[in-house]
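Colleague: Below is the structure I would like to discuss, written out as structure tokens.
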Amino acid sequence: MKQHTFAAPNTAMLNGDLSPYNGAWGREQVIHLLRRTMFGAHLDDVAHFLEGSLEDALDELLQATATPDLPINDYNEQGYTDPDVPAGETWIGAPYNNEFEGGRIWSLKCWWMGNMIEQNRSISEKMLLFWFNHVPIQFYEVFHANWDYRHLELLRTHALGNFKSLMREVTTDFAMLHYLNGQYNHKDAPDENYARELQELFCIGKGPDAHYTEGDVQAAARILTGWRVDYGIDRVIFDQYAHDTSTKTFSEFYGNHSIQGGFGYAGAREVDHLIDMIFEHNECALFICRKLYRFFVHHNIDEWTEEMIIVPLAEIYRENNYEILPVLRTLFGSQHFFDVLRRGAIVKSPIDYIVSLYRDFNTHIPPKSMRQSRYEHNGALVYQSFLFDQNIGDPPNVAGWAAYYQVPSFDKSWITTNTLPYRAAFTDWVLWSGISTQATLTQLDIIETVKKIPNAANPNALVDFMVAWQYPMGVEESLRAQLKAVLLSGQLSDYYWTNAWNQHLQFPYNAMYKETVHNRLKSFFYTLLHQEEYQLA
């Protein structure tokens, strides 16, 4: 691995705009890019992207990855055997079974967690989480594992594609029709639930210029009448006899636009006209660009950021007919994104905290061949996400997780007197004892991690590298001194660590040498992971 130094911040970059980044391309820039576009910054990934340019990195990161293998029946156990799905076979496409939907949904959560940990060098998994938070369902509220899976795969299919196409398909998606009562939207009793969220949460938002009206919500609800899930044939249909065929007229916010009512095919097409009308409004592009910015860059959007970052991004979005890639490429390749003020400006979400811990420190989950152990282990991580207040697959409501929208706390709300001790306990668990299943033990592989660090025998170099890698902002010298003292077990001479490390490298099968190094590194990593700087990305 090539060794790179960590340069001092270039203060001329502060508050940079969307012009292409032309500064240094070194380890700290790669780490920042990977923290935001993936989960963590695995050292192999850092080394890989240092071999090329920023343009090369964006080319690779912004490529969609193949759909992962299907989730399987890994939940069978004594007294709980799914009669429709043999163990090890996929439950996708299996008939609905109320007794086993809970097991299938938990299996889906475990599958999703595993996909994030074993992600490729792509933004795909991070974008899937972004879109799921933006147009969420609650897995257990829907309580139909196949529909939950289809919703996830719909988001994955469009994650790096066209937002307008995504919202058209979400509008008549199995899970969404059920979740927001579209299934029951009838001309004689229009249900406004989805029509409201389509505008308020998914496309227009609540910004200062979002002046759609209650009449707009009501008109949209009438357009959406008649869409149904046919449970018998498991497909979405349009019931023309439940559809309101009258003309729907919208407010001045939408230019007093009218959508002609229709029967049959013409009635079904009204939803396309509704989506077209909503996306014609510039507030739609502005709203999504603000959501992208808060998820990937920083929660605070002041007047300067709105004018210099959000508005130009929204123009790019509209000019490209709501294709997401030009927006992401402009943002992640900009002076603004690599401004030093953007580093360490986000509190890690619980999922980011869990997944990046695994990925950064060479921690492998049980392989797919060990079906039961993988299910048990990933289930433990899913439960941790629940304890940390980001229950994967089950946000608290249709608005998603509050940390992505709740003014003024935003991402700071991830850290509470309840969740912070859980975070610390989790890292201690994976570091000290490891997560046990019937057949496996999963523990942070800290020795192999340190082997990837240049000049790791030098305690000063090791501390400097770890601080620059894991802490996105600078730290006080007192913390560096504390970390070094832990590595030296309180001794004063550097060779106390150097000799121990070199002895282990020279005699890797000597249990005593390995244990000496391992114990010191566990104390070192314990101290490293318990600092408040580790909570930042």
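Colleague: Could you list, in sequence order, the residues of the range 333-364 that are under 15 Å from Gly23 (Cα atoms), part of a helix (DSSP H, G or I) and in contact with a Ser or Thr (Cβ under 7 Å, 6 or more places away or on another chain)?
Modeller: The one that is under 15 Å from Gly23 (Cα atoms), part of a helix (DSSP H, G or I) and in contact with a Ser or Thr (Cβ under 7 Å, 6 or more places away or on another chain): Gln335.
Colleague: I need a count of the residues in the range 385-423 that are touching a Leu at 6+ places or on another chain (Cβ under 8 Å) and farther than 27 Å from Leu198 by Cα.
Modeller: 2
Colleague: Moving on to the next point. Where residues in the range 406-417 are among the β-branched types (Val, Ile, Thr) and touching a residue at least 24 places away in the same chain (Cβ under 8 Å), which of them is nearest to Gly205 (Cα to Cα)? Full working, then the answer.
Modeller: Here is the first cut: in the range 406-417, the residues among the β-branched types (Val, Ile, Thr) are 407, 415-417.
Filter once more, keeping what is touching a residue at least 24 places away in the same chain (Cβ under 8 Å): 415-416.
Working: Ile415: 26, Thr416: 27 Å.
Checking each candidate, the answer is Ile415.
Colleague: Let me confirm something: among Ile346, Ile392, which residue is closer than 17 Å to Leu34 by Cβ, among the hydrophobic types (A, V, I, L, M, F, W, C) and modelled with pLDDT of 95 or more? Explain how you work it out, then say what you get.
Modeller: On the way: Ile392 fails: closer than 17 Å to Leu34 by Cβ.
Checking each option against the conditions leaves just Ile346.
Colleague: Let me ask something else. For Leu529, work out the one condition from (1) loosely packed, with under 15 Cβ neighbours inside 10 Å; (2) closer than 28 Å to Arg342 by Cβ it doesn't fulfil.
Modeller: Unmet condition: (1).
Colleague: For the range 227-330, which helices (runs of 4 or more DSSP H) that fit wholly inside it have 2 or more residues that are basic (Lys, Arg) and without any contact (Cβ under 8 Å) to a residue 60 or more places away in the chain?
Modeller: Per the criteria, no element qualifies.
Here is a yes/no grid of residues against (1) under 23 Å from Asn397 (Cβ atoms); (2) touching an Asp or Glu at 6+ places or on another chain (Cβ under 8 Å):
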residue	(1), (2)
Gln119	no, yes
Ser122	no, yes
Arg156	yes, no
His186	no, no
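This table checks each residue for (1) free of Cβ contacts under 8 Å to residues at least 60 places away in the same chain; (2) under 26 Å from Asn502 (Cα atoms); (3) in the same structural domain as Ile354 (by TED's automatic domain parsing).
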| residue | (1), (2), (3) |
| --- | --- |
| Tyr404 | no, no, no |
| Thr419 | no, no, yes |
| Ala425 | yes, no, yes |
| Gln438 | no, no, yes |
| Leu441 | yes, no, yes |
| Pro459 | yes, yes, no |
| Leu462 | yes, yes, no |
| Gln470 | no, yes, no |
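Colleague: Moving on. Glu125 is checked against (1) over 22 Å from Leu33 (Cβ atoms); (2) touching a helix residue (DSSP H, G or I) at 6+ places or on another chain (Cβ under 6 Å); (3) among the charged types (D, E, K, R) and fails just one. What number does that condition carry?
Modeller: (1)
Okay, residues lined up against (1) aromatic (Phe, Trp, Tyr); (2) out of contact with any helix residue (DSSP H, G or I) (no Cβ under 8 Å at 6 or more places or on another chain); (3) over 19 Å from Gln384 (Cα atoms):
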residue	(1), (2), (3)
Leu431	no, no, no
Leu441	no, yes, no
Asp445	no, yes, yes
Thr449	no, no, yes
Pro459	no, no, yes
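Colleague: Given the conditions (1) under 19 Å from Lys126 (Cα atoms); (2) touching a residue at least 24 places away in the same chain (Cβ under 8 Å); (3) of a type outside the set (Asp, Glu); (4) touching a helix residue (DSSP H, G or I) at 6+ places or on another chain (Cβ under 8 Å), report the number of the one that Ala345 does not fulfil.
Modeller: Tallying (1) under 19 Å from Lys126 (Cα atoms); (2) touching a residue at least 24 places away in the same chain (Cβ under 8 Å); (3) of a type outside the set (Asp, Glu); (4) touching a helix residue (DSSP H, G or I) at 6+ places or on another chain (Cβ under 8 Å), Ala345 fails exactly one: (4).
Colleague: What is the residue count in the range 98-131 for residues that are among the hydroxyl-bearing types (Ser, Thr, Tyr) and either part of a helix (DSSP H, G or I) or in contact with a Lys or Arg (Cβ under 9 Å, 6 or more places away or on another chain) (or both)? Before the answer, list the steps.
Modeller: First, pick out the residues of the range 98-131 that are among the hydroxyl-bearing types (Ser, Thr, Tyr): 107, 122, 124.
Adding the requirement that they be either part of a helix (DSSP H, G or I) or in contact with a Lys or Arg (Cβ under 9 Å, 6 or more places away or on another chain) (or both) leaves 107, 124.
Here the count works out to 2.
Colleague: Checking the condition modelled with pLDDT under 95 and under 30 Å from Leu224 (Cα atoms), which residue from Gly262, Gly267, Gly255 passes?
Modeller: Gly262
Colleague: Ok, one more. Mind checking whether some residue in the range 361-375 is farther than 29 Å from Ala175 by Cβ, in contact with a strand residue (DSSP E or B) (Cβ under 8 Å, 6 or more places away or on another chain) and surrounded by fewer than 20 Cβ atoms within 10 Å (Cβ to Cβ)?
Modeller: Yes, the range 361-375 has at least one match.
Colleague: Being at pLDDT 95 or above, aromatic (Phe, Trp, Tyr), farther than 22 Å from Arg27 by Cα and buried (at least 16 other Cβ atoms within 10 Å of the Cβ): is that true of Trp469 here?
Modeller: Against the criterion (at pLDDT 95 or above, aromatic (Phe, Trp, Tyr), farther than 22 Å from Arg27 by Cα and buried (at least 16 other Cβ atoms within 10 Å of the Cβ)), Trp469 does not qualify.
Colleague: Follow-up question, since we're still on this one. Find all pairs meeting these conditions: Cβ atoms under 6 angstrom apart; at least six residues apart or on different chains; first residue within the range 361-372 and assigned by TED's automatic domain parsing to the domain that holds Gly40; second residue β-branched (Val, Ile, Thr).
Modeller: Phe361/Thr449; Asn362/Thr449; Ile365/Ile117; Pro366/Thr440
Colleague: A further question follows. Just one of (1) farther than 30 Å from Asp339 by Cα; (2) part of a loop (DSSP other than H, G, I, E, B) trips up Phe524, so point out which.
Modeller: Among (1) farther than 30 Å from Asp339 by Cα; (2) part of a loop (DSSP other than H, G, I, E, B), Phe524 violates only (2).
Colleague: Got a sec? Which of Asp494, Asp445 is surrounded by fewer than 20 Cβ atoms within 10 Å (Cβ to Cβ) and closer than 21 Å to Lys348 by Cβ?
Modeller: That would be Asp445, the only listed residue that is surrounded by fewer than 20 Cβ atoms within 10 Å (Cβ to Cβ) and closer than 21 Å to Lys348 by Cβ.
Colleague: Quickly run through the range 128-143 and pick out the residues that are farther than 19 Å from Val382 by Cβ and touching a His at 6+ places or on another chain (Cβ under 8 Å).
Modeller: Trp131
Colleague: If you take the residues of the range 293-316 that are closer than 15 Å to Asp339 by Cβ, more than 21 Å from the chain's Cα centre (by Cα) and of a type outside the set (D, E, K, R), which of them is surrounded by the fewest Cβ atoms within 10 Å (Cβ to Cβ)?
Modeller: Our first condition is that a residue be closer than 15 Å to Asp339 by Cβ; within the range 293-316, this holds for 293, 296-298, 300-302, 304-305, 308-309.
When the remaining residues are screened for being more than 21 Å from the chain's Cα centre (by Cα), the result is 302, 304-305, 308-309.
Keeping just the survivors that are of a type outside the set (D, E, K, R) gives 304-305, 308-309.
Numbers: Trp304: 10, Thr305: 18, Met308: 15, Ile309: 25.
Among residues in the range 293-316 that are closer than 15 Å to Asp339 by Cβ, more than 21 Å from the chain's Cα centre (by Cα) and of a type outside the set (D, E, K, R), the one surrounded by the fewest Cβ atoms within 10 Å (Cβ to Cβ) is Trp304.
Colleague: Just wondering, is there one or more residues in the range 210-223 that are buried (at least 20 other Cβ atoms within 10 Å of the Cβ) and touching a Pro at 6+ places or on another chain (Cβ under 6 Å)?
Modeller: yes
The values are calculated or read from the model by the stated rules, or taken from the named source; none is laboratory data. Quick caveat, the model's predicted, so the values are computed rather than measured. Counting neighbours? That spans all protein chains shown, and the Cβs are built from the backbone with ideal geometry, glycine included.
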